[in-house]
1. Can you name the residue in the stretch 93-129 that is touching a residue at least 60 places away in the same chain (Cβ under 8 Å) and part of a loop (DSSP other than H, G, I, E, B) and is also surrounded by the most Cβ atoms within 10 Å (Cβ to Cβ) among such residues?
2. If a residue must be closer than 19 Å to Thr102 by Cβ and touching a Ser or Thr at 6+ places or on another chain (Cβ under 6 Å), how many such residues does the stretch 149-163 contain?
3. For Glu5, only one of the following conditions fails: (1) surrounded by 12 or more Cβ atoms within 10 Å (Cβ to Cβ); (2) modelled with pLDDT of 90 or more. What is its number?
4. Looking only at helices (runs of 4 or more DSSP H) that lie completely in the stretch 142-253, which have at least 3 residues being touching a residue at least 60 places away in the same chain (Cβ under 8 Å)?
5. Considering only the stretch 192-202, state which residues are within 18 Å of Arg215 (Cβ to Cβ) and either aliphatic (A, V, I, L, M) or in contact with a helix residue (DSSP H, G or I) (Cβ under 7 Å, 6 or more places away or on another chain) (or both).
6. Going through the stretch 17-43 one residue at a time, which ones are closer than 18 Å to Phe212 by Cβ and either under 24 Å from the mean Cα position of the chain (by Cα) or not in a helix (DSSP H, G or I) (or both)?
7. Only one residue in Thr228, Thr223 is assigned by TED's automatic domain parsing to the domain that holds Ile90, under 17 Å from Cys174 (Cα atoms) and surrounded by 19 or more Cβ atoms within 10 Å (Cβ to Cβ). Which one?
8. Could you grab me the full set of residues in the stretch 83-92 that are in a helix (DSSP H, G or I) and touching a residue at least 40 places away in the same chain (Cβ under 8 Å)?
Amino acid sequence: MSSIENRHREITSLLKQYGTVHIHDLAERLHTSLDTIRRDLRQLEQQGDLRRIHGGAILPATGDGSYQERSQEIRPERTTIARYVAQNHIPDDAIVFFDSGTTVLEVARNLKPSFHGSAIVLNPAAAVILADHPNANVIMVGGKILKKEMVVSGAGTVDEIRHYHADICILGTCAIHPELGVSTQNIDEKASKAAMISQSSEVIAIATVDKFETRMPYKVCDTNLVSTLVTGRKLSESYLSNYRTQGIEVVQI
């Protein structure tokens, strides 16, 4: 086996183990130059084995299926993030917007029994879960259901959102980039996300590692409107500094 094949095998093995790799760590571990590592990452990206980001690479995204398919994926990262947010970032008496997304759904599922505030939800599946919560006041926003995203949307949805003033918005993140902001693939969902952000005192964005340094057609907001960014995989400090310098609290679980 050639030295190139050995490096590629080691890089893909590390990605499967950790979810992300960084060029400086790889160069030191594999005893080679940064230029060689960059070339390796380009080749592996062309093969579909990874996706390059600033300073390294992550596993390629796998979440293009239906909402039901994505929600049934076994994603320890998603569960870890959701439990942390539910237990540490939602006060018992808060008024909270719950956005769309499978990780946001897990936050609803893991909400503390002592929570006795109001949960304003756009995801019908989250409403069903929270209906069994012993103390939560559940408000289901109306609108047309986007079946792939499993979320309500439309002009009526946006108007209803604007009737509320929330303490926290738990924002499902389709794509986030330090310079290009938060974006989504559906123009109707863009409007409802933007409305929730504008009506919330704090925005907690949840992002699995595959959402970083990506963009989708419709911009939701500038990155600096996010108060806290929670992710479940270790990204390099140099990369995360792109968010911290904008005043965002970055939490890695």
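The values are calculated or read from the model by the stated rules, or taken from the named source; none is laboratory data. In this text the structure is predicted, and so the values were computed from the model without any measurement. Every residue, glycine as well, gets a Cβ built from its backbone with ideal geometry; the counts of neighbours run over all protein chains shown.
1. Among residues in the stretch 93-129 that are touching a residue at least 60 places away in the same chain (Cβ under 8 Å) and part of a loop (DSSP other than H, G, I, E, B), the one surrounded by the most Cβ atoms within 10 Å (Cβ to Cβ) is Leu122.
2. Start the filter on the stretch 149-163 by keeping residues that are closer than 19 Å to Thr102 by Cβ, which leaves 149-153.
From the residues that got through so far, the ones that are touching a Ser or Thr at 6+ places or on another chain (Cβ under 6 Å) too are 149, 151, 153.
Adding up the residues that qualify gives 3.
3. Condition not satisfied by Glu5: (1).
4. Numbers: elements: 155-161, 187-198, 237-244.
Correct list: 187-198, 237-244.
5. Residues of the stretch 192-202 that are within 18 Å of Arg215 (Cβ to Cβ), as a first pass: 193-194, 197.
If the condition is that a residue be within 18 Å of Arg215 (Cβ to Cβ) and either aliphatic (A, V, I, L, M) or in contact with a helix residue (DSSP H, G or I) (Cβ under 7 Å, 6 or more places away or on another chain) (or both), then Ala194, Ile197 are the ones that fit.
6. Tyr18, Gly19, Thr20, Val21, His22, Ile23, Leu41
7. Values: Thr228 fails: surrounded by 19 or more Cβ atoms within 10 Å (Cβ to Cβ).
Just one listed residue meets the conditions, Thr223.
8. Of the stretch 83-92, the ones in a helix (DSSP H, G or I) are 83-88.
Passing the criteria: Tyr84, Val85.
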